[in-house]
Amino acid sequence: MPVRSPYPDVEIPDVSLFDFLFTDFGEKAGAPALIDGSSGATITFAELEGMVGKIAAALAERGIGAGDVVALFAPNTPHYVAVFHGILRANAIVTSVNSLYTPGELAHQLSDSGAKLLFTVSPFLDRARAAAAEVGLSNDAVIVLDGAEGHTSLRDLLATTAQPPAQTVTAADTAVLPYSSGTTGRAKGVILTHRNLVANLQQISVMGDVTNDTKILAVLPFFHIYGMTVMMNQGLHKRSTVVTMPRFDLQEFLRIISEYRVGRVYIAPPVAVALAKHPIVDQYDLTCIDVIFSGAAPLDAELGHAVAKRLGCTVLQGYGMTELSPVSHCMPDDRPDLDLNSCGFAIPNVVSKLVDPETGEEVGPGERGELWVKGPNVMSGYLNNAEATAITLDDEGYLHTGDVATVTEDGVFTIVDRVKELIKYKGYQVPPAELEALLLTHDKIADAAVIGVRDAEGEEVPKAFVVRQENAADLTADDVMAFVAERIAPHKKVRVVEFIDQIPKSASGKILRKDLRAREAAT
Ligand code: AYL
C-alpha cells in the first residue's frame, strides 16, 4: 500500500509564485526581508516589491516576456532575490546557474535552456562573457548587477520609469529551470511550474516553526533548489528575515549567525562536521540557534547529535530532490525525538511507495525499496528530454527517485542507499556520465567509468576507473585528475583514479556500475 503523508492535505492556491509571495505585507512591509550578511545592507519587503516591479518593467522594455528564459549566474545576495522575482514578474522563466561553473558548463546550460539574457556579477564576468560568446549572446544580453564597462547594471534597470507588464503567467506555467542529472546522464533542465513551487512552500509550511520573527541563514546557494525554495522563498512566504552569505566560510558563517542572532540554519552534512569538531565554534555566541536543518545528502545521526549537544539546539533532517521542488520528506520541528538517521515523514499531499528495483513489487515496512514520490511538488518533466522524463515519471504520476529507503510502521522514512548513477560531493551533484564523456576526450584514455566512493572522512567522492590507450603507459592518476579539474567546476573533480584493464559492461554496452562498486567494496 502506498504510504500517505500522516499530515492532512494542505490547499494549494492556484496562483503565480509572485502572487503567492508578494501580497499584503501588512505591518511587515517595513521589516527587513533580506540582510546581506557580509555588508549588513538591508532590503525591506516593500523595497523588495518595488525593485521586483522595476526589474520586471525594465526586462519587458527589453522584450523579455512569457516563455522567455533568463539565466541567473550570481552568488547569494539580496539583489539575487530581487532579480529572481523580477524575472518571474516579467512572466519569464529563471534558469539558475551554479556559481562554480566553468564557461563550458555555463554555455551548455545557456544553449540547452535557450536563455535570452544572462544576469551575473563582475567577479563572474570573465566566465559569463566567455560562455555568452560561445552561444552567440551579445554583451547587451549580459547584465552585470554591480556594473561593468559596456554592460547594463542593476542600477540601470531600476532607473526605469516604466510600469511592470500585466501578469499573464498562470500556476501551470514554467517558473524555473534548475539543472539536475536525475537518475542518469548529464544535467538536464528540470521543469518546475509556479504551482510546483507554491505547493512545496505550502507543504513545508506545516512542518517547520518558521514565523515572521525567524531569522534564516541563506548560505546554501539560491541557484540550487534547496536554497531557492527552503531559504529564499520560504523566508519571503513566512515574512521571516533571510540573512544571505555569498559563499561558505566557517568564520564568516559563525560571525554572521552570532551577530544577526540567526535562529534557523539550513546546511548540508559537511557543515555539521565543522560545527561538531572545529575548535573556533566555541569562540562565538551561538545561543541564538534554535534549529539546524540538514538536507541534500545523508546526515550521520551521531554527528547530528554531537552538533545538537555542542550548540544546545535541535538538529533535523529532510530529504528532497530538485525534481521534487525539492522537499518530499522531513522531520517536523516538534519531533526531534525521531531517529536522526531518518528524514522523517512524507510532507502533506505526498504519497510515497517503496519498490523493489529488481521485481517492481512494492515492499512493506522494514524492507528496502526504491522511493517513489507523488504529489503537487513533482516536476512536470525534463526540458528537451522526453526519454529521461519517461524513465523518471511513470503513468501514475510517481517520480522514481533512484534512492533506496526504508519506512517504519509509523511512516518514518530513512534513505539507505542510491541505485542511480548520481554522485553527491558535499551535497552537490556530480553526474558520472558527464565526467566519463570528458575523460573519453583525453587522447591517452581508451575507456572510463566513474562512481562514488567514500574517502577517509566518510565523504562521498568521485572515483574514475580508467583504461589507458595502448601506447599510453605514462599516463598517471595526477594527469587524469588535472585534465578533469581544468575543465569542470571544482565540486565535480575526480578525486581518486584507478587504472583498470577493462570497464565492465553489459551486452548492450552499459557500464556495470554495480560491478565497480562490488570491486571497490572488496578492496
Ligand atoms: P538534488 N539523505 C540522503 N540522501 C539525500 C538526502 C538525505 N537527507 N537529501 C538529498 N539526498 C540525495 O537534486 C538523494 O540522492 O537535491 C537525492 O536524490 O541536488 C539527491 O540528493 C537529490 O539531489 C530538504 C531540502 C533536501 C532540500 C534538499 C536537497 C535537495 C537536493 C532536503 O529539506
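Ranked highest first by the average count of other Cβ atoms within 10 Å around their residues, in what order do 101-111, 321-331 fall? Don't jump to the answer; show the numbers that get you there.
Numbers: 101-111: 20.2, 321-331: 27.5.
The most tightly packed comes first, giving 321-331, 101-111.
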statement: Inter-part gap, Cα centre of region 477-523 to Cα centre of region 323-365, in whole angstrom, is 31
message: In whole Hz and in residue order, list the ³J(HN,Hα) couplings for region 469-480 that follow from phi through the Karplus curve 6.51 cos²θ - 1.76 cosθ + 1.60, θ = phi - 60°; x for Gly and Pro.
response: 5, 3, 9, 10, 4, 7, 5, 9, 4, 4, 4, 5
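Within a Cβ distance under 15 Å of Ala148, other residues only, what is the Lys/Arg minus Asp/Glu net charge? Mind dumping the intermediate values first?
Numbers: positive: Arg127, Arg129, Arg155; negative: Asp126, Asp140, Asp146, Glu149, Asp156.
It works out to a net charge of -2.
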task: For region 220-271 and region 60-92, write down the distance between their C-alpha centroids in whole Å.
output: 21
task: Enumerate the calculated ³J(HN,Hα) couplings along region 277-289 in order (Karplus 6.51 cos²θ - 1.76 cosθ + 1.60, θ = phi - 60°), each rounded to whole Hz, writing x wherever the residue is Gly or Pro.
output: 10, 6, x, 5, 4, 5, 7, 10, 7, 10, 5, 6, 6
- prompt: Rounded to two decimals, what ratio of Rg to Rh does the chain give with C-alpha atoms and a Kirkwood Rh?
  reply: 0.96
statement: Output ordering of 162-168, 193-199, 236-242 (per-residue mean of other Cβ within 10 Å, highest first) is 193-199, 236-242, 162-168
statement: With +1 on the Cβ of every Lys and Arg and -1 on the Cβ of every Asp and Glu, the dipole magnitude of region 322-463 about its Cα centre, in debye rounded to the nearest 20, is 400
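Read-outs: derived from the displayed coordinates by stated rules, not from any lab. Please read all numbers here as calculations on a predicted model, not as lab measurements. Here the Cβ is made from the backbone with ideal geometry for all residues, glycine too, and neighbour counts use every protein chain on show.
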